[in-house]
Amino acid sequence: MSFTIAIDGPAAAGKGTVSKAVAAHFGFAHLDTGLLYRAVGALTLKGTPAIDAARALVAEDLEDPALRTPEVADAASKVAVIPEVRAALVDFQRAFARRAGGAVLDGRDIGTVICPEAEAKLFVTASAQVRAERRFKELTERGLETSLKAVLADVEERDARDRERATAPLKAAEGAVVIDTSEMDIETAVATAIAHVDAVRGGLSK
Ligand code: CDP
């Protein structure tokens, strides 16, 4: 049986952590769809045209540790505005969403475009300042040299591009439960997400 949990939201809102924890809790598979766009972005930085990169993407492209850098995030949000890039990645994501045994996908357009029929939809967000602080901490812990000001500027620029693009803009899906983590610790965010999924599952089994 398939059961899809769609988790969308802006940059560094905590989607990744919530998605992994929710997937582990229910024993579902997890796909970080941001990695697909990051992998395409990284290939464009090496000179491959974006549409060719998206059409030829293979699993190994998702394993490069450099995908987590701010340069690649920026390149990802630039390729993500190209409709042909998005189209090339749709089938893989939809098949993953409907795999047997349940799936959690996190991204920007999972509940709106990739899987509007997802049984549970969440929109995880937080203020730009809080998100920048979290991403700054994450990057400095990984040894990357940057400043809070630069990270905030990157996050705001990327959010604006993601929200304003014509194809699959970032927004909460209809029926999505919004979890604002600005003043919430990660345990509470995960518990809120799990409670929503439990409520949906309870409703479905009646
Ligand atoms: O980790 P973070 O939230 O900063 O970003 P990400 O989820 O890895 O996504 C990187 C970029 O890929 C985003 O800024 C979007 O432009 C794009 N993306 C998208 O357009 N659609 C998705 N489903 C996932 C990511």
Would you mind checking the radius of gyration and Dmax of region 155-197 based on alpha-carbon positions, in Å?
-> 13.3, 35
With the 8 Å Cα cutoff and a minimum separation of six or more residues, region 100-206 has a relative contact order in percent of 38 percent
Longest segment of the chain lacking GluC sites (Glu not before Pro) that sit in a DSSP loop with at most 14 other Cβ atoms within 10 Å | 1-116
Hits in region 169-183: amide N under 11 Å from the 7 Å Cα→Cβ extension of SER127, namely 182-183
Based only on Cα atoms, what Rg/Rh ratio does the chain have, Rh being taken as Kirkwood's radius?
-> 0.95
Helix-only CD estimate at 222 nm, as mean residue ellipticity for the chain, using -39500 (n - 2.57) per DSSP H run (n ≥ 4) | -16000 deg cm²/dmol
How high is the relative contact order of region 51-136, in percent, with contacts defined as C-alpha pairs under 8 Å that are six or more residues apart?
-> 22 percent
Estimated vicinal HN-Hα couplings, Hz - region 19-28 in sequence order (Karplus 6.51, -1.76, 1.60; Gly, Pro = x) | 4, 4, 5, 5, 4, 5, 4, 8, x, 9
With an 8 Å cut-off on Cα pairs and a minimum separation of 6 or more residues, tell me the relative contact order of the chain in percent.
-> 34 percent
Per q in 0.12, 0.17, 0.19, 0.23 1/Å, what log10 I(q)/I(0) does a Debye calculation on the alpha-carbon atoms of region 9-61 return?
-> -0.37, -0.64, -0.73, -0.86
Rounded to whole Hz, the Karplus (6.51, -1.76, 1.60) HN-Hα couplings of region 151-168, x for glycine and proline = 5, 4, 4, 4, 4, 5, 5, 5, 4, 4, 5, 5, 7, 9, 5, 6, 9, 6
Proximal aspartates and glutamates relative to LYS20, as straight alpha-carbon distance under 14 Å, when same-chain residues fewer than 8 apart are discounted | ASP8, ASP32, ASP106, GLU187
For region 91-99, take each phi angle, set θ = phi - 60°, evaluate the Karplus expression 6.51 cos²θ - 1.76 cosθ + 1.60, and give the result in whole Hz per residue in order, putting x for glycine and proline.
-> 4, 4, 5, 5, 5, 4, 4, 9, 4
Check LEU31: other-chain or 5+ apart residues with amide H under 5 Å from its amide H, H built from backbone geometry?
-> VAL104, LEU105, ASP106
Simple spin-label estimate for ALA56/ALA29, 7 Å along Cα→Cβ, in nm, reads 2.5 nm
In nm, give the distance between the simple-model label positions of THR167 and ARG142, each being 7 Å from the Cα along the Cα-to-Cβ direction.
-> 2.6 nm
Listed pairs LYS15/LYS171; LYS78/LYS121; LYS15/LYS137 exceeding 21 Å between Cα atoms = LYS78/LYS121
Run down the aspartates and glutamates and flag those whose C-alpha is under 18 Å from the C-alpha of LYS149, throwing out any fewer than 8 positions away in its chain.
-> GLU71, ASP74, GLU133, GLU138, GLU141, GLU157, ASP159
Around MET1, with a cut-off of 12 angstrom between Cβ atoms, what is the net charge of the other residues, counting Lys and Arg +1 and Asp and Glu -1?
-> +2
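Since every read-out is calculated from the coordinates, none of them should be taken as a lab result. Quick caveat: nothing in here was measured; it's all calculated off a predicted structure. With ideal geometry, Cβ positions are generated from the backbone for all residues, glycine too; neighbour counts draw on all protein chains shown.
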